[in-house]
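The values are calculated or read from the model by the stated rules, or taken from the named source; none is laboratory data. Remember, it's a predicted structure, so these values are computed and weren't measured experimentally. We place every Cβ from the backbone using ideal geometry, glycine too, and count neighbours over all the protein chains shown. Only protein heavy atoms, including side chains, enter the accessible area calculation; ligands, DNA and RNA are left aside. Shrake-Rupley method; radii C 1.70, N 1.55, O 1.52, S 1.80 Å.
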Amino acid sequence: MTSPADDPNAALLAQLKMSSSVSGMKSNDDVLALLTAEPDSDPLAGVEYTGDEEDDARAELDALHRGFRERTARELERMQLATESEYWFCVCFKSQDDKDAFLAAAGLVVIGDKYLDGYATAELLGVTMPEPDDTERG
């Protein structure tokens, strides 16, 4: 029998209960760290083998199960971050020339021509953004 801490669905349920998995993200560095995280470690690395095949097989399966649960929770968070639509907006023009003219006139072309970092854009436009501690960004 597994303990509540080893409940196979606990991590997934905790993620699903959150309104948004990215609500704790405070900066672009937080987002980048999540999206470029190191690969998962070997889930069998911590298994201590006893020589008893049945016990060793159970320990391996438990470790693999735990690894899959943890990976599922991280993947859910990454997927929500990648597909979250409430932290960006789109500005459209009738032509690429109009878009390029706007970006140049606003001095934004130096940070991109299609996807612009919101904080860099705010800085170039002279918009003061709240400090990360003052509000949650998601």
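Structural remarks
- Test: residue in region 29-42 that is over 17 Å from the mean Cα position of the chain (by Cα), part of a helix (DSSP H, G or I), exposed (fewer than 11 other Cβ atoms within 10 Å of the Cβ) and at pLDDT 85 or above: no
- Selected residue [farther than 17 Å from Asp29 by Cα, among the acidic types (Asp, Glu) and open to solvent by 90 Å² or more (accessible area, probe 1.4 Å)] from Glu54, Glu75, Glu60, Glu131: Glu54
- Every residue from region 78-108 that is open to solvent by 80 Å² or more (accessible area, probe 1.4 Å) and not in a loop (DSSP other than H, G, I, E, B): Arg78, Met79, Thr83, Gln96, Asp97, Phe102, Ala105
- For region 63-72, filtered to residues that are over 30 Å from Tyr115 (Cα atoms) and basic (Lys, Arg), the residue that is least open to solvent (accessible area, probe 1.4 Å) is Arg69.
- Candidates Arg74, Arg69, Arg78, Arg58 - the one that is at negative phi and touching a Pro at 6+ places or on another chain (Cβ under 7 Å): Arg69
- Some residue of region 115-126 being of a type in the set (Val, Ile, Thr) and modelled with pLDDT of 90 or more: yes
- Any hit, region 55-77, residues being within 13 Å of the chain's Cα centre (by Cα), farther than 30 Å from Met129 by Cα and among the basic types (Lys, Arg): yes
- Some residue of region 89-105 being under 30 Å from Ser41 (Cβ atoms) and either at pLDDT 90 or above or not basic (Lys, Arg) (or both): no
- Subset tally (residues that are among the charged types (D, E, K, R) and either touching a strand residue (DSSP E or B) at 6+ places or on another chain (Cβ under 9 Å) or under 25 Å from Met129 (Cα atoms) (or both)) for region 79-99: 3
- Residue in region 51-73 that is modelled with pLDDT of 90 or more and not in a helix (DSSP H, G or I) present: yes
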